[in-house]
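Structure first, commentary second.
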Amino acid sequence: MKNLLGGKGMNLAEMCRVGLPVPPGFTITTEVCTEFYANNRNYPKDLEKQVEAGISTIEKTINKKFGDEKNPLLVSVRSGARASMPGMMDTILNLGLNDKTVEGLATKSGNDRFAYDSYRRFIQMFSDVVLGVDHYIFEEILDLKKQDKGVTLDTQLDATDLKDLVKKYKEAVEAESGKPFPQDVKEQLWGAVGAVFTSWMNDRAITYRRMYDIPESWGTAVNVQSMVFGNMGDTSATGVAFTRDPSTGEKYFYGEYLLNAQGEDVVAGIRTPQQITIEGKDKQGSELPAMEETLPEVYKQLVEIYKKLENHYRDMQDIEFTVEMGKLWMLQTRNGKRTTKAALKIAVDMVAENLISTEEALLRLTPEDLDQLLHPTLDPKAKKQVIAKGLPASPGAAVGKVVFSANDAETMANKGESVILVRAETSPEDIHGMNAAKGILTSRGGMTSHAAVVARGMGRPCVSGAGTVTINYKEKKFSAGNIEIKEGDIITINGSNGEVILGAVPTVEPEVSGDFDTVMKWADDTRSMKVRTNADTPQDCRVARKFGAEGIGLCRTEHMFFDAERIIAIREMIVASDIEGRKKAINKLLPFQKKDFIEIFEIMEGLPVTIRLLDPPLHEFIPHKEDEYAAVARSAGISIDKVKARAKDLEESNPMLGHRGCRLAITYPELYEMQARAIFEAACEVQARGVKVLPEIMIPIVLDRKEVSILKKLIDETATKVCGEKIAKVDYLVGTMIELPRAALQAGFIAEDAEFFSFGTNDLTQTTLGISRDDSGSFIPAYIEKGIFEKDPFAVLDVEGVGELINIATERGLKTRKDLKLGICGEHGGNPASIEFCHNAGLHYVSCSPFRVPIARLAAAQAKIKSKAKLKKAA
């Protein structure tokens, strides 16, 4: 019932069902949220009666009365979307307190301090969430009170202090909002319910949904539960725990708690949390007693419950609990956010423990998250100046310029800067800056603080609770000991060990093995679609092979011409006015091309290599500056004026749809003849050394079968000539790139000559949609916001339009040539959703950038598992 009750509501109901101690409550469903927004933010007519009935049931269950002055029922009001969105939406605790019920709570509990501590917390939360009074106003009042008393912790304030705080808080509310703090408990309840529904559409929730592809239409549920109190003294506590380490995946009970506290104290980093286990305490080097020591009986009960929950859900759980005067209450369980390293280890371990199957393990992993493992880490041999140490909240290394606000992080990142966001603690309002930053550093907070949990979910390195870091927001600087770091200074953070390092530290390439290799083997054994790489250089090929590429799906030959020596020759060829001039320039390029292909064939031994013949929009190669004109003139032996005149003649209004690809070769066949000769000479030489080569020659941007027919004849004749000269035989294929709608529609005819199709979805997307991919950034976000596109079509394949053309081309091509090889080589080849489409469309392979090869391998396996499940269901 997750879609109806939301994740939190579903799991609360499930914990009740299996007999765990859960405070009584009820859930207002996600359907109400949908209705709320569809009906101009008005509730369904019968909702009020249903909520009253829910409150009445709680009252009877625990024998307390909502709003009663002597025996008051207090409730929490929390959000609960289908997908976990930690900290993104609003929560209110201690609801039901007012000037009279607080006295009743004090008398009933026999603890004035507890009652007024709860009231001041409620005023702050309710005023912030419902009334729009900034929580920093209350923090300042609290800090002043602690200064006056000469104490550092909230727990050191007594009942008199807290009563005075309540008075000052209420004065601040009236001054800021123009109204006294509401005393009617029903008004409080509906204000809180409305705030939770409204928070579904706040900026941080919208940002988070975009980042994690959570549909707006899902809405959120609202959970109303009777309060249990962790702030009733030293036999009370609150905590957050994970059934395994969310950073490493290690199998040990991992978490933090605070005595005499409420839930927000742990996640907000207001006080330094303590470890739940002695093992955790030792690992963190903490001197504070573990819960295992302070509340041993409760700890034993918690261990039994966490094991029961993990076995029940068959996944690592993130749990929240409260201990009220020695009694344990469970407030939440959910599948825990984890780093990619941890996700791999947990998946592998749970298969070994017979908790889940390999297919379940594969489906639980998020392909894009593998990216975290595939990039460089800090060089352990590099010299470094460690200026502070915090907690290793989210692993990985990040180097960047220091910024102190989320807005500044986003602004600088948009300019291409790498930044580290430095905050005392993060809050949900910082989500956009956390996403933009390369890493996050906080001076407060523990391993389960907001910064730590969100950073792990995002895959951002994070160091939290670096207590020696003192931040001055006003002057935009922080100090660590006697070292001062200003905004814009570069630091390095190591989220794997908690180090904060001055300056930039060199990195080393990652070593991927162990659990990663195990999961990749499972994926390879499961998938039916091959995974190739887009690679233009020997280095790209080496990286791709290391990551498991099964060939090259796209080698862009024009990318081989951009170095200084080669670009002059290609420019000389382009500006030449006759065939002799072009051949002279082309002959300079032949040895370069041959050398490139020899290296690539050797690295990709035994694997297919698809080489796209030259496809440069001319504007990328035509000289534009005086020194470029002069260099081409010297090389070609002609005047600068002739070069300029020729360059002027070749200028195009729309070069992406101009004289490029096969059109260049139809006009200047000697160009593709040279490239074919380089390919076949290289293949013959490498083959003579015993290396198996499988070249596939691809003709780009075709729109008609005749283009393929003419150029295939040229390639075949060149192959015959070269193989005759070398007394050799090379097996090869000639195919084409389908990147124009007309080519897709004419695929049946084109397949008479083409032996393979590779869908170039970058160009196929822009020619189908009539949208330039280079210029779409300014308006695509508006199209997504208004629901015209669900996602950027240049990032995720447009299945309805471009996908339909791929389906047509596939069907028509296979009708003509049964053994037609089909692949995709656009950027979509590394996108998991697009890979699933390719699998379902019957393509034989996808091709993507080297670092995305493991992502594609996993996504292809998931596509196979899902399609198998659909077939089984249909049967």
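Computed values, structure above
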quantity: The stretch 137-153 residues that are open to solvent by 30 Å² or more (accessible area, probe 1.4 Å), paired with ones that are polar (S, T, N, Q) (beta carbon under 8 Å, 6 or more apart); calculated: Lys149/Gln156
quantity: Matching residues in the stretch 793-805 - criterion: being within 13 Å of Asn762 (Cα to Cα) and buried (at least 16 other Cβ atoms within 10 Å of the Cβ); calculated: Pro793, Phe794, Val796, Leu797, Asp798, Val802, Gly803
quantity: Filter result (small (Gly, Ala, Ser) and open to solvent by less than 60 Å² (accessible area, probe 1.4 Å)) within the stretch 499-548; calculated: Gly503, Gly514, Ala523, Ala535, Ala544, Gly548
quantity: Where a residue in the stretch 237-248 is open to solvent by less than 10 Å² (accessible area, probe 1.4 Å) and its partner, wherever it lies, is in a loop (DSSP other than H, G, I, E, B) and acidic (Asp, Glu), with Cβ under 8 Å and at least six apart; calculated: Arg244/Glu250
quantity: Wholly within the stretch 1-105, helices (runs of 4 or more DSSP H) carrying at least 2 residues that are under 28 Å from Phe181 (Cα atoms); calculated: 30-38, 47-62
quantity: Some residue of the stretch 199-214 being closer than 30 Å to Phe114 by Cβ and assigned to a helix (DSSP H, G or I); calculated: yes
quantity: Positions within the stretch 766-791 being within 14 Å of Leu657 (Cα to Cα), loosely packed, with under 13 Cβ neighbours inside 10 Å and at pLDDT 90 or above, in sequence order; calculated: Gly770
quantity: Sole exception among (1) of a type outside the set (S, T, N, Q); (2) buried (at least 21 other Cβ atoms within 10 Å of the Cβ); (3) without any contact (Cβ under 8 Å) to a residue 60 or more places away in the chain; (4) in a loop (DSSP other than H, G, I, E, B) for Gly416, by number; calculated: (2)
quantity: The stretch 742-753 residues that are part of a loop (DSSP other than H, G, I, E, B), paired with ones that are open to solvent by less than 10 Å² (accessible area, probe 1.4 Å) (beta carbon under 7 Å, 6 or more apart); calculated: Ala751/Gly813; Ala751/Leu820; Asp753/Val708
quantity: Meets criteria (open to solvent by 30 Å² or more (accessible area, probe 1.4 Å), in contact with a Leu (Cβ under 9 Å, 6 or more places away or on another chain), more than 17 Å from Gln766 (Cα to Cα) and aromatic (Phe, Trp, Tyr)) for Phe837; calculated: no
quantity: Which listed residue is open to solvent by less than 30 Å² (accessible area, probe 1.4 Å), under 24 Å from Ile305 (Cα atoms) and either over 31 Å from the mean Cα position of the chain (by Cα) or among the hydroxyl-bearing types (Ser, Thr, Tyr) (or both), from Val18, Val22; calculated: Val22
quantity: Hits in the stretch 713-735 (condition: of a type in the set (Gly, Ala, Ser) and in a helix (DSSP H, G or I)); calculated: Ala719, Gly724
quantity: All positions within the stretch 80-94 that are buried (at least 24 other Cβ atoms within 10 Å of the Cβ) and among the polar types (S, T, N, Q); calculated: Asn94
quantity: Of the criteria (1) touching a residue at least 40 places away in the same chain (Cβ under 8 Å); (2) open to solvent by 50 Å² or more (accessible area, probe 1.4 Å); (3) farther than 19 Å from Glu739 by Cβ; (4) not hydrophobic (A, V, I, L, M, F, W, C), which one Gly690 fails; calculated: (1)
quantity: Residue satisfying condition, being more than 31 Å from the chain's Cα centre (by Cα), β-branched (Val, Ile, Thr) and open to solvent by 40 Å² or more (accessible area, probe 1.4 Å), within set Thr61, Thr34; calculated: Thr61
quantity: Yes/no for Tyr169 being of a type in the set (Ser, Thr, Tyr), assigned to a helix (DSSP H, G or I) and either in contact with a Cys (Cβ under 9 Å, 6 or more places away or on another chain) or open to solvent by 50 Å² or more (accessible area, probe 1.4 Å) (or both); calculated: no
quantity: Within the stretch 760-776, tally of residues that are under 15 Å from Val796 (Cβ atoms) and outside any loop (DSSP other than H, G, I, E, B); calculated: 8
quantity: Residues of the stretch 95-120 classified as of a type in the set (Val, Ile, Thr) and open to solvent by less than 10 Å² (accessible area, probe 1.4 Å), total; calculated: 2
quantity: Residues of the stretch 478-490 classified as closer than 15 Å to Lys401 by Cα and either in contact (Cβ under 8 Å) with a residue 24 or more places away in the chain or under 26 Å from the mean Cα position of the chain (by Cα) (or both), total; calculated: 7
quantity: Count - residues of the stretch 666-688 that are in contact with a helix residue (DSSP H, G or I) (Cβ under 8 Å, 6 or more places away or on another chain) and more than 20 Å from Arg582 (Cβ to Cβ); calculated: 7
quantity: Of all residues making up the stretch 673-687, the number that are surrounded by 22 or more Cβ atoms within 10 Å (Cβ to Cβ), under 24 Å from Ser847 (Cβ atoms) and not aliphatic (A, V, I, L, M); calculated: 2
quantity: Sole residue being of a type outside the set (Phe, Trp, Tyr), farther than 18 Å from Leu5 by Cβ and touching a residue at least 60 places away in the same chain (Cβ under 8 Å), chosen from Ile58, Ile62; calculated: Ile62
quantity: Output for the stretch 592-616, where each listed residue is open to solvent by 10 Å² or more (accessible area, probe 1.4 Å) and either in a helix (DSSP H, G or I) or aromatic (Phe, Trp, Tyr) (or both); calculated: Phe592, Lys594, Lys595, Asp596, Ile598, Glu599, Glu602, Ile603
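The values are calculated or read from the model by the stated rules, or taken from the named source; none is laboratory data. Note that the structure is a prediction, hence the values are computed from the model and not measured. Positions of Cβ are generated from backbone atoms using ideal geometry, with glycine treated the same way; all protein chains shown enter the neighbour counts. With ligands, DNA and RNA removed, areas are computed over all heavy atoms of the protein, side chains included. Shrake-Rupley method; radii C 1.70, N 1.55, O 1.52, S 1.80 Å.
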